[in-house]
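Visitor: The structure under discussion is supplied below as structure tokens; questions concerning it will follow.
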Amino acid sequence: MSFTPVHRKNFGNNFHWGVAIAAAQNEGGFLEDGKSMSIWDAFARRQGKIRGSHTPFVAADFYHRYKDDLLLVKALGFNSFRFSLSWARILPDGTGKTNKQAIAFYHKVIDECLKLEITPFVTIYHWDLPNVLEKEGGWTSTLFQKWFARYVKVCAENFGDKVKNWIILNEPLSFTALGYMMAQHAPGKRGLFNFFPAIHNAALAQAEGGRIVRELVPNAYIGTTFSCSEVIPNTQREEDIKAAGRLDILMNRLFIEPVLGLGYPRDDQFPFIQKLEKYTHAWRYTEKMYFKFDFIGLQNYFPVTIKYNALMPVINASQVNAKTKGAPHTDLGWEINSESFYRIIKKFWMYGGVKEIIITENGASFKDKLENGVVKDDKRIAYFQTHLRAMQKAKKEGVNLKGYFAWTLTDNFEWNLGYSARFGLVHVDFKTQLRTIKNSGHWWRAFLQD
Ligand code: GAL
């Protein structure tokens, strides 16, 4: 496959060019101005959960440096900014009283965006559940829908006059699978009896959240995001192809199909799916899990290569890592493959019912070195160039692509990897919080000016 050179102008004048961040990864401001503990704060206190025993308590200190950071967004030439709201800051008790200081903080962030003519995109939930709610079962609780509805209502009522672009959930598969099945992310739970109710609550919450925002915010542009990865069978043997099919259900189909009114994916040969249907009584909920989003957000970092593995419970499959495969990869070992990015965009576009697509995250982590005030991150520049080219090709072929958000503005708290993984266009010295625009940031500025 060949891609022609990429130009900003090929995406049109109304294209959203942005960077994305998240409250738990950027804000810091731990317990400040009434904020309560989130599940990530609690998880970080448990030994051995986060690399280097790092915590999100200070992170990139966005809580105090938002003005400077938004100036950086502007300086790099982006017209849009995606950030998330912290539930534990806005409703410290999870459901009870609204914290006025938190509302004031987000108004300041939004006002600053508007002053700089940067369009805010607000994510309502980016993984940082209030820990008080986790103690009541969190995403597995039968009360979850009630809690979430209240939180979404508070967000929409307080910010809906200024914010028109809303994202309900960030990557439901990631926080349910990593947090409630594999114990790698907060809250660190395991097992299908946690995973199933978490999945179902997320599938219901994304649709119901959409309905609440639609009702409360006039002229809202509403989306929700999905992680996605092309799933490549390791060989053309039937068992590998079937294994790849199972992973495709989990990684790409599980959350979008309910949104589109199709219910959970169907597969007679994947017991996981039958069990999920049975456990959740899913057939009763097809209507409730459906919502006509204005756009869907796709977040792509890598494809996966899958082979049959009888020893792996539930999925009977395992991943062949990029290094073993001999494929180019980032410093986290994630395969770099822009052609696969093109194919996954096309795959989601093929669903009837997807009106518009925004790439709400895409980026790469490398072991950047700050030397004499410069970060020469050529590999990240190449990553963006090739991925934008892939996107340009998809757009040219008729995919209704409306925006692209690079992950991420500044280096930040990368979940269970702590501060060891750097994704930013701007380098952060976490001892001093000094920001230095990386060469990739300079590259973006030039690209967006052109
Ligand atoms: C996404 C997530 C982001 C960020 C990124 C890089 O799955 O939404 O918060 O961490 O991965 O790993």
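Visitor: Among the listed residues Ile212, Ile241, Ile199, Ile222, which satisfies the condition of being farther than 20 Å from Tyr351 by Cα, away from the ligand (no atom under 16 Å from the Cβ) and under 18 Å from the mean Cα position of the chain (by Cα)?
Guide: On the way: Ile212 fails: under 18 Å from the mean Cα position of the chain (by Cα); Ile241 fails: under 18 Å from the mean Cα position of the chain (by Cα); Ile222 fails: farther than 20 Å from Tyr351 by Cα.
Going through Ile212, Ile241, Ile199, Ile222 in turn, just one is farther than 20 Å from Tyr351 by Cα, away from the ligand (no atom under 16 Å from the Cβ) and under 18 Å from the mean Cα position of the chain (by Cα): Ile199.
Visitor: Then there is this: Residues of region 38-67 being hydroxyl-bearing (Ser, Thr, Tyr) and farther than 16 Å from Leu85 by Cβ, which ones? First the steps, then the outcome.
Guide: The first filter runs over region 38-67 and keeps only residues hydroxyl-bearing (Ser, Thr, Tyr), leaving 38, 53, 55, 63, 66.
If the condition is that a residue be hydroxyl-bearing (Ser, Thr, Tyr) and farther than 16 Å from Leu85 by Cβ, then Ser53, Thr55 are the ones that fit.
Visitor: Which of the residues that make up region 274-294 are open to solvent by less than 40 Å² (accessible area, probe 1.4 Å) and polar (S, T, N, Q)?
Guide: Residues of region 274-294 that are open to solvent by less than 40 Å² (accessible area, probe 1.4 Å), as a first pass: 276-277, 280, 282, 289, 291, 293-294.
Passing the criteria: only Thr280.
Visitor: Can you tell me which of Thr386, Thr360, Thr324 is more than 19 Å from Gly403 (Cα to Cα) and hydroxyl-bearing (Ser, Thr, Tyr)? Outline the logic, then answer.
Guide: Values: Thr386 fails: more than 19 Å from Gly403 (Cα to Cα); Thr360 fails: more than 19 Å from Gly403 (Cα to Cα).
The match here is Thr324.
Visitor: Of the numbered conditions (1) more than 16 Å from the ligand (Cβ to nearest atom); (2) open to solvent by less than 10 Å² (accessible area, probe 1.4 Å); (3) not β-branched (Val, Ile, Thr), Phe423 satisfies every one except a single condition; which is it?
Guide: Evaluating Phe423 over (1) more than 16 Å from the ligand (Cβ to nearest atom); (2) open to solvent by less than 10 Å² (accessible area, probe 1.4 Å); (3) not β-branched (Val, Ile, Thr) leaves (1) as the failure.
Visitor: Filter region 366-420 for residues that are part of a helix (DSSP H, G or I), of a type in the set (A, V, I, L, M, F, W, C), away from the ligand (no atom under 13 Å from the Cβ) and open to solvent by 20 Å² or more (accessible area, probe 1.4 Å) and give the result.
Guide: Filtering region 366-420 down to residues part of a helix (DSSP H, G or I) leaves 378-396, 415-417.
Pick out the ones that are also of a type in the set (A, V, I, L, M, F, W, C) and you get 381-382, 384, 388, 390-391, 394, 415, 417.
Next, only the ones that are away from the ligand (no atom under 13 Å from the Cβ) stay: 381-382, 384, 388, 390-391, 394.
Matches in region 366-420: Ile381, Ala382.
Visitor: So, restricting to helices (runs of 4 or more DSSP H) that lie completely within region 99-192, which ones have at least 3 residues that are more than 17 Å from the chain's Cα centre (by Cα) and touching a residue at least 40 places away in the same chain (Cβ under 8 Å)?
Guide: Details: elements: 100-115, 131-134, 144-159, 172-180.
Qualifying helices (runs of 4 or more DSSP H): 100-115, 131-134, 144-159.
Visitor: If the Cβ limit is 9 Å and pairs must be 6+ apart or interchain, which residue in region 5-32 that is open to solvent by 60 Å² or more (accessible area, probe 1.4 Å) pairs with which residue that is modelled with pLDDT under 95 and of a type in the set (D, E, K, R)?
Guide: Close Cβ pairs satisfying both conditions: His7/Asp450; Lys9/Asp450.
Visitor: Ok, one more. Look at region 142-165 and say how many of its residues are farther than 27 Å from Glu414 by Cα and hydroxyl-bearing (Ser, Thr, Tyr).
Guide: Within region 142-165, residues that are farther than 27 Å from Glu414 by Cα and hydroxyl-bearing (Ser, Thr, Tyr) number 1.
Visitor: Now for a separate question. Which of the residues belonging to region 262-273 are in a loop (DSSP other than H, G, I, E, B) and open to solvent by 30 Å² or more (accessible area, probe 1.4 Å)? Give the derivation first.
Guide: Residues of region 262-273 that are in a loop (DSSP other than H, G, I, E, B), as a first pass: 262-270.
Residues satisfying the conditions are Leu262, Arg266, Asp267, Asp268, Gln269.
Visitor: Separate question: Here are some conditions: (1) part of a loop (DSSP other than H, G, I, E, B); (2) touching a strand residue (DSSP E or B) at 6+ places or on another chain (Cβ under 8 Å); (3) on the phi < 0 side of the Ramachandran plot. Gly94 meets all but one. Which one does it not meet?
Guide: (3)
Visitor: Another one. Can you tell me how many residues in region 178-190 are at negative phi and away from the ligand (no atom under 11 Å from the Cβ)?
Guide: The number of residues fulfilling the criteria is 9.
Visitor: Go through region 418-434 and count every residue that is closer than 18 Å to Glu361 by Cα and aliphatic (A, V, I, L, M).
Guide: 3
Visitor: Follow-up question, since we're still on this one. Only one residue in Ala75, Ala88, Ala104 is aliphatic (A, V, I, L, M), modelled with pLDDT of 95 or more and more than 28 Å from Trp147 (Cβ to Cβ), so which one is that?
Guide: Working: Ala88 fails: more than 28 Å from Trp147 (Cβ to Cβ); Ala104 fails: more than 28 Å from Trp147 (Cβ to Cβ).
Just one listed residue meets the conditions, Ala75.
Visitor: In region 212-248, how many are in contact with a Phe, Trp or Tyr (Cβ under 6 Å, 6 or more places away or on another chain) and either in a helix (DSSP H, G or I) or open to solvent by 50 Å² or more (accessible area, probe 1.4 Å) (or both)?
Guide: 5
For every residue, the table says whether it meets (1) crowded, with 22+ Cβ neighbours inside 10 Å; (2) on the phi > 0 side of the Ramachandran plot; (3) of a type in the set (Phe, Trp, Tyr).
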| site | (1), (2), (3) |
| --- | --- |
| Ala104 | no, no, no |
| Asp111 | no, no, no |
| Pro120 | yes, no, no |
| Ile124 | yes, no, no |
| Trp127 | yes, yes, yes |
| Val132 | no, no, no |
| Gly138 | yes, yes, no |
| Thr142 | no, no, no |
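Visitor: Here is a list: Leu409, Leu401, Leu425. Which entry is over 23 Å from Thr330 (Cα atoms) and either over 16 Å from the mean Cα position of the chain (by Cα) or in contact (Cβ under 8 Å) with a residue 12 or more places away in the chain (or both)?
Guide: Leu401
Visitor: Quick one: in region 295-312, of everything that is open to solvent by 10 Å² or more (accessible area, probe 1.4 Å) and away from the ligand (no atom under 16 Å from the Cβ), which residue is nearest to Ser338 (Cα to Cα)?
Guide: Initially, region 295-312 is screened for residues open to solvent by 10 Å² or more (accessible area, probe 1.4 Å), giving 301-302, 307-312.
Still in the list and also away from the ligand (no atom under 16 Å from the Cβ): 307-312.
Numbers: Lys307: 22, Tyr308: 25, Asn309: 27, Ala310: 31, Leu311: 31, Met312: 29 Å.
Step by step, filter region 295-312, then rank; the result is Lys307.
Visitor: Checking Asn194 against (1) farther than 20 Å from Ala23 by Cβ; (2) in contact with a strand residue (DSSP E or B) (Cβ under 7 Å, 6 or more places away or on another chain); (3) polar (S, T, N, Q), which test does it fail?
Guide: (2)
The values are calculated or read from the model by the stated rules, or taken from the named source; none is laboratory data. These figures come from a predicted structure and were not determined experimentally. Don't worry about glycine lacking a Cβ; one is built from the backbone with ideal geometry, like all the others, and counts go over all protein chains shown. The area values use the complete protein model at the heavy-atom level, side chains included, leaving out ligands, DNA and RNA. Shrake-Rupley method; radii C 1.70, N 1.55, O 1.52, S 1.80 Å.
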